[in-house]
Amino acid sequence: VEEETSTQLKAASEAAELLMKDASKVADILPDDIRETLASCVTVEGAGDADAAAEPVVRWDKFDADTLDQLVGLESEDEQRAAAKRLLELNNSTRIDNYSASLAGIIRAVKKYGAEHFASTNEGDGTSDGKQRKTKAEKDAEKEAWRQILAEDGILDEETDVGGEIDDRAEIGKLTGIPHANDVILYALPVCAPYSTLSKYKYRVKLTPGSLKRGKASKQAVEMFVRGDTDKSPKAEEFRRLIKTVDENTWVQSMIGDCKISAAGASKISKQIKQKKKGGGKKKK
């Protein structure tokens, strides 16, 4: 076994430091009012005795320390304050499943368009319940800012005229791991997740510890999906065609290294692949 180089040791140390970084410690760097605004977003009722009222608990672990570092890194406190207030407004008006991802998106928008696009109508008194009405001009400015962000990310055509509020989570709702016969499938997207999450997916393989590198494992997974599907319907043929059109780099980026592919009929398909390779070679005399 080769000894770890200093670069590898440094990378491992940085990764461990990042994983162990405490989000609450980063939040302490922020001004008090900004920290309190963020705390309001992630405050939940604590578990108390049946007879006693439960004390509220601030769940700083719902934020990644790296995302809060990005907030701290904004040019001014006004920008930090605008980002925090925007997150609170979203928290009060809709359900947020990933606070770090939402805050990171708001930070990107603040960097691009400035704090004024996210200024609240109640900025004067410094208090907010996130439910005050906004002026038409503020609504239009906010809608235009998000429209441009979505257009840049390829989610929305910049030429498209959109009426009403833009739901920037709409694209995620279009993805499915269980396609039906009447679905219009535009493309295939490989994902890597806990097997229990993918248990109902039509095309799936299990990754266990092994010796396969990411490139070889990706090719083997594609073979499993294509050869292992016995459905001969036109729709299934279309699904397999879309799987084969995914470029190799996308597969590799979605795959983990040092693994083994496990699936129903995997050994049989693996033998077929080996026989195909032997048959394709030239015979020596």
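The values are calculated or read from the model by the stated rules, or taken from the named source; none is laboratory data. Keep in mind that this is a model prediction, so the values were computed, not measured. Cβ coordinates were reconstructed from backbone atoms using ideal geometry, including for glycine residues, and neighbour counts include every protein chain displayed. Keep in mind that these areas ignore ligands, DNA and RNA; they rest on the heavy atoms of the full protein, side chains included. Shrake-Rupley method; radii C 1.70, N 1.55, O 1.52, S 1.80 Å.
Of (1) free of Cβ contacts under 8 Å to residues at least 40 places away in the same chain; (2) farther than 22 Å from residue 271 by Cα, residue 222 satisfies all except one. Which?
It is condition (2) that residue 222 fails.
Kindly indicate which of 79, 116, 89 is out of contact with any Cys (no Cβ under 8 Å at 6 or more places or on another chain), acidic (Asp, Glu) and at pLDDT below 85.
Just a single option satisfies the conditions, and that option is 116.
Select from segment 77-121 the residues that are outside any helix (DSSP H, G or I) and closer than 16 Å to residue 63 by Cβ and write down the one among them that is most open to solvent (accessible area, probe 1.4 Å).
If we take residues in segment 77-121 being outside any helix (DSSP H, G or I) and closer than 16 Å to residue 63 by Cβ, then 97 is most open to solvent (accessible area, probe 1.4 Å).
Which fully enclosed helices (runs of 4 or more DSSP H) of segment 177-277 have 3 or more residues being aliphatic (A, V, I, L, M) and touching a Pro at 6+ places or on another chain (Cβ under 8 Å)?
Counting at least 3 such residues, we get no helices (runs of 4 or more DSSP H) at all.
Looking only at residues in segment 1-58 that are at pLDDT 65 or above and acidic (Asp, Glu), which one is most open to solvent (accessible area, probe 1.4 Å)?
Among residues in segment 1-58 that are at pLDDT 65 or above and acidic (Asp, Glu), the one most open to solvent (accessible area, probe 1.4 Å) is 45.
Is it the case, given these coordinates, that residue 177 is surrounded by 13 or more Cβ atoms within 10 Å (Cβ to Cβ) and either at pLDDT 60 or above or aromatic (Phe, Trp, Tyr) (or both)?
In short, yes.
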